[in-house]
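Trainee: Structure incoming, see below.
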Amino acid sequence: MENNLLLIDFGSTYTKLTAIDLINEEIIGTAKDITTVESDILEGYEKALSKLKEKIGCIDFGSHLACSSAAGGLKMIAIGLVPELTAEASKRAALGAGARVIKTYSFELSKREIEEIDSMKLDMILLSGGTDGGNKKCILHNAKLLSQIKNKIPIVVAGNKSALDEIEEILFNYPQVVFTENVMPKLNLINVEPVREEIRKLFFERIIEAKGINKTKSFIENIILPTPAAVLEAAKILAMGSENEEGLGSIIIVDIGGATTDIHSIGKGDPTLDSVNLKGLEEPFAKRTVEGDLGMRYSALSLYEAADKKDIKKYLSGVEVLKECEFRHNTIDFVPLSEHDFKVDEGLAKLATHYSMNRHVGRIETLYTPIGMVMNQIGKDTLEFDYMIGTGGVIVHSKNPESILSAGIFSESEPDILKPKNPKFIIDNHYILSAMGLLAQKYPTSALRMMKKYLKNI
Amino acid sequence: MEIKLPTIVIGVIGADCHAVGNKIIETILTEEGFSVVNVGVLSTQEEFINAALETDAKAIFISSLYGHGEMDCEGMREKCQEAGLDDILLYVGGNIVVGKQGFEEVEKRFVSLGFNRAYPPGTPIHAGIRDIKIDLNL
Ligand code: B12
């Protein structure tokens, strides 16, 4: 085993370095500098590295592992047949691979949609449709249209296996096509892991090069993951444990950023209530959702628009909310200084937590029928989940992080929304989740023990 | 086993939770060699239709046991057409209406709803199997 490791996160704004002493399972030091994609991504990296060296001296690193969300992250679209079935399954698989899913398409595509897709500056397309042995017509139609796009970005095919041979013929001259297992092999059965695997491989092999990040390859052995996928990997190991170390059980991670709020949940989410009937597409065990309209800066205005008046009042009473949101939307690098600024940020973070949790978790739908009430559960029941973990600047720098996370727990006023009732709270106050997700790819037990050591229980 | 027969979507429609017959139908159709996609009890029209779309089913066998079948089945054919399932066969069986009514009348009403076949109470699933083989020339 090597002694020291350098973990690198090429973020959208900052390139962050975390130096790890693997023997003692300690963080030796961290440093960051602005990410430089336009010129050479190494510039920002070198600057951060020299800052790191000032702090900790010259240290030899065994391996360098990196994740990246630079240059807009991994931009994808998901294509399926029925919106609630293969289209939704594809979207979930892509999100879990760490992608930014720009749009989800269903049914047979039109020429117009193909033109739209062509103009989107995507990194990858996920094409699905039909259960194994099921509908072939739709995916064949869509493959035919996709074969004509001008921007030949990689296509991952994860649809009806009985259509694969024909798709292969249709896309014979298409430069980059990967075939994998069906994302929904049987009705309502979701199969996300093989798709995620292929997306991540492609991300590594092809996307990195397209974005000028290959320059780092010579010494960074692997840019192994998109950053959001690294966080999901950290969450998985933290929840489920490794071979030699027990995990924490079922967890939810709330990651509030300037433009989006991500929620990751690890746990099955089977019904805990009596006499409910589980409905719809199966949920991935490790699930990530991204809310593009809920964020602290760029998305502050859309957050305001998405929020209910009564919730705004509850979390931000006495604040000129619209004005504050407009200001943050227009000043994306705004850093709170005054007590008032912190208070407003905290209130907005509560709104973001509240709504992103409501959209992530499952709900109970009550039907009033000729023979009385019937209750259906759609999505994950997280009522009994053990932990909620907060990360992202606003939570990490807040004096009351628990009050922000509390905005995401179960409430009697929304009894049909299955959020955790009594979770323990943890804060990622050293900002290590993505780094630990990377470390876990090589040393899962060390990553787990370090998370237990550095994450703060509150 | 010989080559698979076509896919049939089965399930119990509406707020109806009678589960036993549904399981039996799944077992028998599977033994007969059909690909069976079971949407289960308490299923909406949309769930039957979405399942049929993704799985390329040739027929939907709807069960209704609790007596509200007629109300639950209204609009099913139109929704199928809307979804592009132009040629799908729709059968319904179980105890599809309340109490003992003259079945000829009942059958007429279901045919006018766009169902290809409707079965009186107590009809075993084998009747459905016999008829689907006729209707699909199997
Ligand atoms: C067990 C049972 C229940 C159980 C169900 C447990 C469960 N989860 O499965 C419980 C107690 C919950 C229940 C509740 C109710 N029940 Co009840 N129940 C029965 C009972 C006694 C047996 C049903 C059964 O399992 N049969 C065995 C299976 C194998 O047969 P099957 O379901 O009929 O299915 C076969 C055939 O019908 C056929 N078939 C079915 N679908 C199709 C489709 C096609 C295309 C074809 C070809 C054939 C076919 O093949 C199947 C397999 O062989 C029947 C009476 C009876 N003897 O049928 C009443 C009965 C169905 N129930 C009835 C009623 C009214 C109710 C309630 C409304 C009572 C109430 N007021 O609360 C509730 C409704 C609850 C709900 N939301 O659905 C009535 C329905 C009356 C009507 N339609 O006119 C019945 C007929 C009793 C009666 N004589 O009044 N019930």
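Trainee: Does B:V12 count as of a type in the set (A, V, I, L, M, F, W, C), surrounded by fewer than 19 Cβ atoms within 10 Å (Cβ to Cβ) and either within 13 Å of the ligand (Cβ to nearest atom) or at the interface with chain A (Cβ under 9 Å from one of its Cβ atoms) (or both)?
Mentor: Details: of a type in the set (A, V, I, L, M, F, W, C): yes; surrounded by fewer than 19 Cβ atoms within 10 Å (Cβ to Cβ): no; either within 13 Å of the ligand (Cβ to nearest atom) or at the interface with chain A (Cβ under 9 Å from one of its Cβ atoms) (or both): yes.
Against the criterion (of a type in the set (A, V, I, L, M, F, W, C), surrounded by fewer than 19 Cβ atoms within 10 Å (Cβ to Cβ) and either within 13 Å of the ligand (Cβ to nearest atom) or at the interface with chain A (Cβ under 9 Å from one of its Cβ atoms) (or both)), B:V12 does not qualify.
Trainee: Examine the stretch B:50-57 for a residue that is surrounded by 22 or more Cβ atoms within 10 Å (Cβ to Cβ) and within 13 Å of the ligand (Cβ to nearest atom), and state whether such a residue exists.
Mentor: The answer is no; no qualifying residue exists.
Trainee: Here's a follow-up. State the number of residues belonging to the stretch A:300-315 that are in a helix (DSSP H, G or I) and closer than 16 Å to A:I404 by Cβ.
Mentor: Going residue by residue through the stretch A:300-315, those that are in a helix (DSSP H, G or I) are A:300-306, A:309-315.
Next cut, closer than 16 Å to A:I404 by Cβ only: A:300, A:303, A:311-312, A:314-315.
Looking only at that region, the number is 6.
Trainee: Please give the number of the condition A:M375 fails out of (1) in contact with a helix residue (DSSP H, G or I) (Cβ under 8 Å, 6 or more places away or on another chain); (2) within 16 Å of the ligand (Cβ to nearest atom).
Mentor: The number of the failed condition is (1).
Rundown of residues vs (1) open to solvent by 30 Å² or more (accessible area, probe 1.4 Å); (2) within 28 Å of A:I199 (Cα to Cα); (3) in contact with a strand residue (DSSP E or B) (Cβ under 7 Å, 6 or more places away or on another chain); (4) assigned to a loop (DSSP other than H, G, I, E, B), yes/no style:
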| site | (1), (2), (3), (4) |
| --- | --- |
| A:K47 | yes, no, yes, no |
| A:L65 | no, yes, yes, no |
| A:M76 | no, yes, yes, no |
| A:T86 | no, yes, no, no |
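Trainee: What are the residues in the stretch A:240-255 that are in contact (Cβ under 8 Å) with a residue 40 or more places away in the chain and in contact with a strand residue (DSSP E or B) (Cβ under 8 Å, 6 or more places away or on another chain), if any?
Mentor: To start, the set of residues in the stretch A:240-255 that are in contact (Cβ under 8 Å) with a residue 40 or more places away in the chain comprises A:241-245, A:247-255.
A:L248, A:G249, A:S250, A:I251, A:I252, A:I253, A:V254, A:D255 - these are the residues of the stretch A:240-255 that are in contact (Cβ under 8 Å) with a residue 40 or more places away in the chain and in contact with a strand residue (DSSP E or B) (Cβ under 8 Å, 6 or more places away or on another chain).
Here's the yes/no breakdown for (1) among the aliphatic types (A, V, I, L, M); (2) open to solvent by less than 30 Å² (accessible area, probe 1.4 Å); (3) assigned to a helix (DSSP H, G or I):
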| site | (1), (2), (3) |
| --- | --- |
| A:E326 | no, no, yes |
| A:L337 | yes, no, no |
| A:F342 | no, no, yes |
| A:L348 | yes, yes, yes |
| A:D381 | no, yes, no |
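Residues checked against (1) of a type in the set (D, E, K, R); (2) assigned to a loop (DSSP other than H, G, I, E, B); (3) without any contact (Cβ under 8 Å) to a residue 12 or more places away in the chain; (4) crowded, with 18+ Cβ neighbours inside 10 Å:
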position: A:K236; (1), (2), (3), (4): yes, no, no, yes
position: A:G258; (1), (2), (3), (4): no, yes, no, yes
position: A:G269; (1), (2), (3), (4): no, yes, no, yes
position: A:L273; (1), (2), (3), (4): no, yes, no, no
position: A:T289; (1), (2), (3), (4): no, no, no, yes
position: A:S317; (1), (2), (3), (4): no, yes, yes, no
position: A:H329; (1), (2), (3), (4): no, no, no, yes
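Trainee: Going by what's in this entry, would A:R359 be described as away from the ligand (no atom under 16 Å from the Cβ), in the same structural domain as A:G280 (by TED's automatic domain parsing) and closer than 30 Å to B:A15 by Cα? Talk me through it step by step, then tell me what you get.
Mentor: On the way: away from the ligand (no atom under 16 Å from the Cβ): yes; in the same structural domain as A:G280 (by TED's automatic domain parsing): yes; closer than 30 Å to B:A15 by Cα: yes.
Against the criterion (away from the ligand (no atom under 16 Å from the Cβ), in the same structural domain as A:G280 (by TED's automatic domain parsing) and closer than 30 Å to B:A15 by Cα), A:R359 qualifies.
Trainee: Return the residues of the stretch B:53-66 that are farther than 20 Å from B:A15 by Cα and either of a type in the set (A, V, I, L, M, F, W, C) or within 11 Å of chain A (Cβ to nearest Cβ) (or both); say none if nothing qualifies.
Mentor: Step one: filter the stretch B:53-66 for residues farther than 20 Å from B:A15 by Cα, giving B:53-59.
If the condition is that a residue be farther than 20 Å from B:A15 by Cα and either of a type in the set (A, V, I, L, M, F, W, C) or within 11 Å of chain A (Cβ to nearest Cβ) (or both), then B:L53, B:E54, B:T55, B:D56, B:A57, B:A59 are the ones that fit.
Trainee: Output the strands (runs of 3 or more DSSP E) that fall wholly within the stretch A:1-42 and possess 3 or more residues being in contact with a helix residue (DSSP H, G or I) (Cβ under 6 Å, 6 or more places away or on another chain) and not hydroxyl-bearing (S, T, Y), or say none.
Mentor: Values: elements: A:4-10, A:14-21, A:26-34.
Once the strands (runs of 3 or more DSSP E) in the stretch A:1-42 are filtered for at least 3 residues that are in contact with a helix residue (DSSP H, G or I) (Cβ under 6 Å, 6 or more places away or on another chain) and not hydroxyl-bearing (S, T, Y), what remains is A:26-34.
Trainee: Sticking with this structure for a sec: Restricting to the stretch B:28-42, what's the tally of residues that are hydroxyl-bearing (S, T, Y) and facing chain A (nearest Cβ under 8 Å)?
Mentor: 1
Trainee: If I ask for residues that are in contact with a strand residue (DSSP E or B) (Cβ under 8 Å, 6 or more places away or on another chain) and either more than 10 Å from the ligand (Cβ to nearest atom) or open to solvent by 30 Å² or more (accessible area, probe 1.4 Å) (or both), which ones from the stretch B:69-88 would you list?
Mentor: Of everything in the stretch B:69-88, those that are in contact with a strand residue (DSSP E or B) (Cβ under 8 Å, 6 or more places away or on another chain) and either more than 10 Å from the ligand (Cβ to nearest atom) or open to solvent by 30 Å² or more (accessible area, probe 1.4 Å) (or both) turn out to be B:E70, B:D72, B:C73, B:M76, B:R77, B:C80, B:I88.
Trainee: Among the residues of the stretch B:26-48, is any open to solvent by less than 10 Å² (accessible area, probe 1.4 Å), modelled with pLDDT under 95 and within 10 Å of the ligand (Cβ to nearest atom)?
Mentor: The answer is no; no qualifying residue exists.
Trainee: So B:R117 passes all but one of these: (1) near the ligand (Cβ under 8 Å from one of its atoms); (2) surrounded by fewer than 16 Cβ atoms within 10 Å (Cβ to Cβ). Which condition number does it fail?
Mentor: Of (1) near the ligand (Cβ under 8 Å from one of its atoms); (2) surrounded by fewer than 16 Cβ atoms within 10 Å (Cβ to Cβ), only one is false for B:R117: (2).
The values are calculated or read from the model by the stated rules, or taken from the named source; none is laboratory data. Note that the coordinates shown come from a computational prediction; the quantities given were computed from them, not determined experimentally. Heads up, the Cβs are rebuilt from the backbone with ideal geometry, glycines too, and the neighbour counts pull from every protein chain shown. Note: areas computed on protein heavy atoms with side chains; ligands, DNA, RNA excluded. Shrake-Rupley method; radii C 1.70, N 1.55, O 1.52, S 1.80 Å.
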